[in-house]
1. Which angle from 0 to 90°, rounded to the nearest 10, does the C-alpha axis of helix 78-87 make with the longest principal axis of the chain?
2. Just grab the label-to-label distance for SER89 and LYS19, each label 7 Å out from Cα along the Cβ direction, in nm (one decimal).
3. To make sure I understand the rule: partners must be lysines, Cα under 25 Å from the Cα of LYS26, and not fewer than 8 residues away in the same chain. Which ones qualify?
4. For VAL78 and ARG54, calculate 0.36 nm times their separation in residues minus their Cα-Cα distance, and state this gained length in nm to one decimal.
5. Within a 10 angstrom radius of the beta carbon, how do LYS82, LYS19 rank from fewest other beta carbons to most?
6. Of the listed values (1) 2, 11, 15, 18, 16, 14, 10, 7, 4, 2, 1, 0; (2) 2, 12, 18, 19, 17, 15, 11, 6, 1; (3) 2, 8, 11, 14, 11, 9, 8, 6, 6, 7, 7, 5, 3, 2, 1, 0, grab the one calculated as P(r) over Cα pairs in 5 Å bins from 0, in percent from the structure here.
7. Please get the size of the charge dipole for the chain, origin at its Cα centre, with Cβ charges of +1 on Lys and Arg and -1 on Asp and Glu, quoted in debye to the nearest 20.
8. Tally Lys and Arg at +1 and Asp and Glu at -1 over the other residues with C-beta under 12 Å from the C-beta of LYS72: what net charge comes out?
Amino acid sequence: MQLPQPFVQDETWIKILPKGLITIPKKIREKLSIKEGDVAQINISRNSIVIKPRESVEYRLFTNKEIRQWVKDDKLPVELAKKAQAIWSDIP
């Protein structure tokens, strides 16, 4: 019995750049509708690298403005911070 051969639809050679960067060839990006800023999943399968484009992202990106607001909102008032420090002062 002959084992099935891997199905190769498009094959091209690429060069690994410094820090492991690669460029996905334009014809492959277009075929898979991959755009700049898209997210992809990468994993190892036997001795191959598999890159899968994602249609949706499981996380949200936040702006610097939103992050600065969180920091501002999370700061304790000075008196409350002093009380908390006194209560927890015996904890190493």
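1. With both axes taken from Cα atoms, the answer is about 90 degrees.
2. Modelled inter-label distance: 4.7 nm.
3. Straight-distance partners of LYS26: LYS15, LYS35, LYS52.
4. So the chain would gain 4.1 nm between VAL78 and ARG54.
5. Ascending Cβ contact count within 10 Å gives the list LYS19, LYS82.
6. Label of the calculated value: (3).
7. Around 280 debye, computed over the chain.
8. Numbers: positive: LYS65, ARG68, LYS75; negative: GLU66, ASP73, ASP74.
My count for the surroundings of LYS72 gives 0.
Each reported figure results from applying straightforward, stated rules to the coordinates on display, with no laboratory input. Note that the coordinates shown come from a computational prediction; the quantities given were computed from them, not determined experimentally. Don't worry about glycine lacking a Cβ; one is built from the backbone with ideal geometry, like all the others, and counts go over all protein chains shown.
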